[in-house]
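Please read the structure below before turning to the comments.
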Amino acid sequence: RSIMYCLNRSYSIPSYCIGLHDKICDQRYLSPFYFKGFNGNRIQFLFYLIKNSKSWNRVIVGHINLAPAIYLMKILNPSLEILVIAHGIEVWDKQKKISKWLLNKAKKIISVSEYTKQQLNSNSGISKDKIDVVHNSLDPFFTIPINLEKPAYLQKRHGVLLNDKVVFTLTRLN
């Protein structure tokens, strides 16, 4: 969503969001005009991509598991430019067959971390020059909670005193 927000609002690049699992458009990020959701219906999603593939110049692929759909799109539109977002664990192992094809055909791969970039390079042989790291960022509509009290049960569990400063980060540790 944040990528679509940036492309459409910050850079004025009209971009369509085609979501397999989404049903409704969050209008803070994108106009409903540029959104099509399929609420998990894979067949309708695939037919829509195939039907429209010739009308698009570029596709940003949000997950490696969409490789079969992109393969069909590329057959119908050989000049289709592919960008892939590599989130993490799903691309760390050696990629094979259609997933490897997608990574090789991509003009650029956007990795969410240096670690993922290294894994793509060492395990799947993807050139580091092809991979840009763009770290996940805060949602543009993130609001700071009003109540910043430390729950007593968490203070006790983690040995945090009332006046201790706490910085919380969330990441995958494996």
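The values are calculated or read from the model by the stated rules, or taken from the named source; none is laboratory data. For clarity, every value in this text was computed on a predicted model and none was experimentally measured. No Cβ is skipped: glycine too gets one built from the backbone with ideal geometry, and neighbour counts run over all protein chains shown. With ligands, DNA and RNA removed, areas are computed over all heavy atoms of the protein, side chains included. Shrake-Rupley method; radii C 1.70, N 1.55, O 1.52, S 1.80 Å.
Looking only at the stretch 29-74, which residues are aromatic (Phe, Trp, Tyr) and in a helix (DSSP H, G or I)?
Hits for the stretch 29-74 are Phe33, Tyr34, Phe45, Phe47, Tyr48, Tyr71.
Filter the stretch 86-106 down to the residues that are modelled with pLDDT under 95 and within 23 Å of Ser55 (Cβ to Cβ) and list them by number.
None; the set is empty.
Among the residues of the stretch 89-103, are any surrounded by fewer than 18 Cβ atoms within 10 Å (Cβ to Cβ), assigned to a loop (DSSP other than H, G, I, E, B) and hydrophobic (A, V, I, L, M, F, W, C)?
no
Within the set of pairs 6 or more residues apart or between chains, which connect a residue that is closer than 12 Å to Asn8 by Cβ inside the stretch 18-36 to a residue that is surrounded by 14 or more Cβ atoms within 10 Å (Cβ to Cβ) and among the hydroxyl-bearing types (Ser, Thr, Tyr) with Cβ atoms less than 7 Å apart?
Matching pairs, first to second residue: Tyr29/Tyr5; Leu30/Tyr5; Tyr34/Ser15; Tyr34/Tyr16.
Of all residues in the stretch 109-144, count the ones that are part of a loop (DSSP other than H, G, I, E, B) and open to solvent by 70 Å² or more (accessible area, probe 1.4 Å).
Final tally of qualifying residues: 8.
Scan the stretch 136-174 residue by residue and report those that are closer than 28 Å to Val91 by Cα and touching a helix residue (DSSP H, G or I) at 6+ places or on another chain (Cβ under 9 Å).
Listed by number, the residues that qualify are Asn136, Ser137, Leu138, Asp139, Pro140, Arg172, Asn174.
Tell me, please, whether a residue that is touching a strand residue (DSSP E or B) at 6+ places or on another chain (Cβ under 6 Å) and of a type outside the set (S, T, N, Q) can be found in the stretch 85-95.
The answer is yes, given that some residue of the stretch 85-95 is touching a strand residue (DSSP E or B) at 6+ places or on another chain (Cβ under 6 Å) and of a type outside the set (S, T, N, Q).
Confirm whether Tyr34 is more than 19 Å from the chain's Cα centre (by Cα), surrounded by 15 or more Cβ atoms within 10 Å (Cβ to Cβ) and on the phi < 0 side of the Ramachandran plot.
no
Are any residues in the stretch 145-172 open to solvent by 100 Å² or more (accessible area, probe 1.4 Å) and closer than 30 Å to Asn104 by Cβ, and if so, which ones?
Within the stretch 145-172, just Arg172 meets the criteria.
Determine which member of the set Tyr71, Tyr48, Tyr29 is touching a Lys or Arg at 6+ places or on another chain (Cβ under 7 Å), at pLDDT 95 or above and of a type in the set (Phe, Trp, Tyr).
Going through Tyr71, Tyr48, Tyr29 in turn, the sole match is Tyr48.
Is it the case that the stretch 116-136 has a residue that's of a type outside the set (Gly, Ala, Ser), over 25 Å from Ile43 (Cβ atoms), more than 17 Å from the chain's Cα centre (by Cα) and modelled with pLDDT under 90?
no
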